[in-house]
1. Quick test for you: out of Glu132, Glu123, pick the one residue that is modelled with pLDDT of 95 or more and open to solvent by 80 Å² or more (accessible area, probe 1.4 Å).
2. Residues that are among the β-branched types (Val, Ile, Thr) and more than 20 Å from Gly9 (Cα to Cα): does the range 54-64 have at least one?
3. Answer with yes or no whether Lys176 is charged (D, E, K, R) and open to solvent by less than 50 Å² (accessible area, probe 1.4 Å).
4. Pick from the range 80-98 the residues that are touching a residue at least 24 places away in the same chain (Cβ under 8 Å), within 15 Å of the chain's Cα centre (by Cα) and in a helix (DSSP H, G or I): which of them is surrounded by the most Cβ atoms within 10 Å (Cβ to Cβ)?
5. Which condition from (1) at pLDDT below 90; (2) open to solvent by 50 Å² or more (accessible area, probe 1.4 Å) is the one that Ala101 breaks?
6. How about the range 115-165: which of its residues are hydroxyl-bearing (Ser, Thr, Tyr) and over 18 Å from Val82 (Cα atoms)?
7. If you check Ile75 against the conditions, is it assigned to a helix (DSSP H, G or I) and farther than 30 Å from Asp147 by Cα?
8. For the range 5-22, which residues satisfy the criterion of being in a loop (DSSP other than H, G, I, E, B) and surrounded by 14 or more Cβ atoms within 10 Å (Cβ to Cβ)?
Amino acid sequence: MQQTIFIKGMVCHRCITTVTQELQHLGIELDEVNLGEVKFAVNTAFTDYDALNSKLAPLGFSVLENKRSKIVRQIKQIVSEVYSGDFDFPHHFRFSDLLAARLEKEYDFISKQFSAEEGATIEKFVIDFRIEKIKEMLTYTALSLADVSFQLGFSSVAHLSRQFKQQTGLNPSHFKAIWRNKRLTQII
């Protein structure tokens, strides 16, 4: 599916040239640029609206983003922040409460907007994100499973292991073995 974004302030062919150049400087693959719209190459997934806006704003342009897309983008940024491995999880932490507070909207509304835009629930997105983060941490760091569990906000190592096995069909120890094998090949 081709992605299209709309840009406010484009009024002439010079605007098209300027926006095209700025997008190319960001390394974005374009298919077509017209007055007020940019179509990305088919396999390009553009998500960094803030970087694009910071490049275009001094030139008198701004990205127009629909409300649902903006909410989804904000949710994904919060997921990335919270499950990066550096978040300090407070006692009795609930991600849904954090989202509602940060976005200043009811969680049911946020959840419905996300599901309508993404075709999956926030919970599924969070699980998938955490699973990928577990793989990364076990494969590329010396952290123990208990450390990973703590850093990603799991209630226990057993909970992490159960969810990991359920989602991937593999035990977390499989990815830890990859890290050990990498270390052995670096020593040799």
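1. Being modelled with pLDDT of 95 or more and open to solvent by 80 Å² or more (accessible area, probe 1.4 Å) holds for just one of Glu132, Glu123, which is Glu123.
2. no
3. So Lys176 fits the description; yes.
4. Once the filter is applied, the top-ranked residue is Val82.
5. Here Ala101 clears every test but (1).
6. Ser115, Thr139, Tyr140, Thr141, Ser144, Ser161
7. no
8. Within the range 5-22, Gly9, Met10 meet the criteria.
The values are calculated or read from the model by the stated rules, or taken from the named source; none is laboratory data. The shown structure was predicted, so the numbers you read here are calculated from the model rather than taken from an experiment. So basically every Cβ, Gly included, is an ideal-geometry build from the backbone, and we count neighbours across all protein chains shown. The protein model used for the area step is the full one, side chains on, heavy atoms only, and it has no ligands, DNA or RNA in it. Shrake-Rupley method; radii C 1.70, N 1.55, O 1.52, S 1.80 Å.
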